[in-house]
Amino acid sequence: DTAQTPISVTAPAPSAPDAIINANPISGEAPLTVNVDATGSTGPIDSYNWDFGDSLGTAQGPTASYAYPNAGDFTITLRVVGPGGEDTAQTPISVTASAPEAPVAIINANPATGQAPLTVSFDGSGSTGQIDSYTWDFGDGLGTAQGPTATYEYPTAGDFTATLRVAGPGGENIAEVAISVTAPAPSAPVAIINANPATGQAPLEVSFDGSGSTGQIDGYEWNFGDGGTAQGATTIYTYPNAGEFRATLRVFGAGGENTTEVLINVGEAAFVPGIVQQVPVLPDLGSQQVRNNLSAIYNNGLNSGKRPNVFAIIGDSLARQSGYLAPLTDPANENSNSGLQEIIDWYNGVDLGNGRTSFDRRSQATDNGWLAQDLLDPSRSDGSNCNGGETPLDCEIRLIQPAVALVSVGVNDVAQGTDPAAFRATMEQILQRLLSQGVIPVVSTLQPNPNNPRPTDAINTAIIEAVRNVEAANNTSVPIYNLWLNFTNLPDNGLQGDNVTPTVANSGAGNVNDNPASQFGLNARNRSTLSVLNDLRNQIYPDATP
């Protein structure tokens, strides 16, 4: 017999998944990167969801990586989901604050080598890390400093190790740099003479002092210009005879040698007589050599921007004398008979500011109370127009770029008793400065001073000697306008009753025609000055254009 019964078998329900986390590392310093792995989880799983517990990081998938930026305690949660349900697992993560890094000292030294005294700039600002202090030791047992930068002068030669110590929360660090300081090469000495007195009667005893010479000096050799010699930094020599002598001093040392000289004038009187009487009123430009010399000065100035239709007025109260040149700007003056109207128009054609021309512009290099030395004194300059450290002379030349400078100085030196030798030396510096800038100097003697004739004669002599010394030293020519002789040839020395103020024609100082110029001081001076300017233009730069 056979019997049957039905059996029904169903598929088993899917099992729930089991979440398993593997996290590495689970602790460390921020920023801490943690790698998580859930591949060890069991059961059928459709999705993996990560929450890293800092309200910032989440991820999907069986594996993930997350960087904790900040310190703290966090819990990573994994939720796995499958057909059989879901499961979660957690693991704690501990993130601690990172320890501060030790700083790194870095030095930049400039220069690292050189001659003593050597100034070195040290810079530690390129050092890295958190730094609270910078401490410098310059390695010579003398110098220390604080701060990221420092400057130190090594006074003596040697090899030194400069160190920088930087310190911060993370620790400290030291860097070094080698500094090599060599002994300076000996410089060539510079000979400087002080001779006192430099002029006087024979026999003339002169004290020579070379102790102001500079540099390393091993010996001093003197030659007094008349056959006499001596050794040593100082000496005294007596000139037995009258004459003009060039005393020289030669100094020598390890760095080389140098020679300088000083002019000694010895005469029967304190000053060489008759010089001012022998100089003509107007300079003679007829010599080809003179014209060549002046042309060389002019061309030098032209190349550096000097203007042929501009002249400068340089000096003291004599240069600012009322009625001197300024009236020539008045077109009402009729000077056609003088033959000088063309040169008047030539200089009136250039406006130097505010309608002023070379004739009436207020010069930066004149003042009523000045001595000759004030022209070379920067403290006398007008700060509103002149550069810092600029002398009045240089300021005026820079401002108007003249081809010619009319130099009239010495009145106040006479009044204040300036030593003629000192005055002459200053005049030589003034003339040298003008020549070096390509400006033709026209030097004026002083007008007669019947109230004080001998000192006036002494300063006039010094003016002429200064011109001759500069001409000889530079192999050039410097025109002299002899105002003293010009006035001496006029009635009453060209002066009013006070023996100081020049006489003026009734028609005004701007009338330079023949008659007033032969009778009155200021008219004669204006005419003679124009004549010099006219001769310079016609014979030295006739082709110049405005």
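The values are calculated or read from the model by the stated rules, or taken from the named source; none is laboratory data. The structure displayed is predicted, hence computed values, not measured ones. All Cβ positions, even for glycine, are placed from backbone atoms using ideal geometry, and neighbour counts span all protein chains on display. The protein model used for the area step is the full one, side chains on, heavy atoms only, and it has no ligands, DNA or RNA in it. Shrake-Rupley method; radii C 1.70, N 1.55, O 1.52, S 1.80 Å.
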Fill in: Equivalent ellipsoid dimensions for the range 1-158 as semi-axes, Å, which come from the Cα gyration tensor, largest first
73, 13, 10
Worksheet item: Which of N194, L142, S444 sits closest to the plus end of the dipole of the chain, meaning its Cα is farthest towards the positive end, when Lys and Arg get +1 and Asp and Glu get -1 on the C-beta?
Response: S444
Item to complete: Just add up the charged neighbours of Q130: K/R +1, D/E -1, any other residue whose Cβ is under 13 Å from the Cβ of Q130.
Response: -3
Worksheet item: Points 7 angstrom from Cα along the Cβ direction at D492 and S121: gap in nanometres?
Response: 7.0
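If you place +1 on the Cβ of every Lys and Arg and -1 on the Cβ of every Asp and Glu, how big does the dipole about the Cα centre of the range 354-454 come out, in debye to the nearest 20?
Numbers: 8 positive and 11 negative charges, 48 e Å.
Result for the range 354-454 is approximately 220 debye, rounded to the nearest 20.
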Worksheet item: Please state the Cα pair-distance histogram of the range 156-215 with 5 angstrom bins from zero: what percent is in each bin?
Response: 4, 12, 10, 9, 8, 7, 7, 6, 6, 6, 6, 5, 4, 3, 2, 2, 1, 0
Item to complete: Just need the relative contact order of the chain here, percent rounded to a whole number, with Cα pairs under 8 Å and 6+ apart.
Response: 9
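First measure r as the distance between the Cβ atoms of I236 and Q277, then evaluate 1/(1 + (r/R0)^6) with R0 = 41 Å and state the FRET efficiency to the nearest 0.05. Each step should come with its number before you reach the end.
Numbers: r = 34 Å, r/R0 = 0.83.
Efficiency, rounded to the nearest 0.05: 0.75.
Percent of Cα-Cα pairs more than 18 Å apart in the range 70-121, please. Numbers along the way, then the final one.
Working: 911 of 1326 pairs.
Of all Cα-Cα distances in the range 70-121, 69 percent exceed 18 Å.
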Item to complete: Summarise the accessible area of the chain (1.4 Å probe, protein heavy atoms) by the percent that is carbon and sulfur.
Response: 46
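How big is the charge dipole of the chain about its Cα centre, in debye rounded to the nearest 20, if each Lys and Arg gets +1 on its Cβ and each Asp and Glu gets -1 on its Cβ? Can you show the working numbers first?
Details: 20 positive and 54 negative charges, 470 e Å.
The calculation lands at about 2260 debye.
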Item to complete: Compute the relative contact order of the range 156-215 as a whole-number percentage, counting only Cα pairs closer than 8 Å that sit 6 or more residues apart in sequence.
Response: 29
Discussion item. Can you match Rg and Dmax of the Cα atoms in Å to one of these, [x] 46.6, 185; [y] 22.9, 71; [z] 38.0, 185, based on a calculation from the structure here?
Written reply: [x]
Worksheet entry | Overall Cα dimensions of the range 133-246, principal axis frame, Å, largest first | 87, 21, 18
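What is the sum of charges, Lys and Arg at +1 and Asp and Glu at -1, for the other residues whose Cβ falls under 11 Å from the Cβ of P169? It would help to have the intermediate numbers written out before the result.
On the way: positive: none; negative: E101, D132, E172.
Neighbourhood net charge equals -3.
So which GluC sites (Glu not before Pro) in the range 78-162 end up in coil per DSSP with only 16 or fewer other C-beta atoms within 10 Å?
On the way: sites: E86, E101, E153; in loops: E101.
Listed in order of number, the matching sites are E101.
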Worksheet entry | Charge dipole (the chain, unit charges on Cβ, about Cα centre) - positive-most of Y324, A102, P491 | P491
Worksheet item: Hey, what's the chain come to in accessible area per residue, 1.4 Å probe, Å²?
Response: 47
Worksheet item: Using a simple charge model, +1 on the beta-carbon of Lys and Arg, -1 on the beta-carbon of Asp and Glu, nothing else, what dipole does the range 382-529 show about its Cα centre, in debye to the nearest 20?
Response: 220
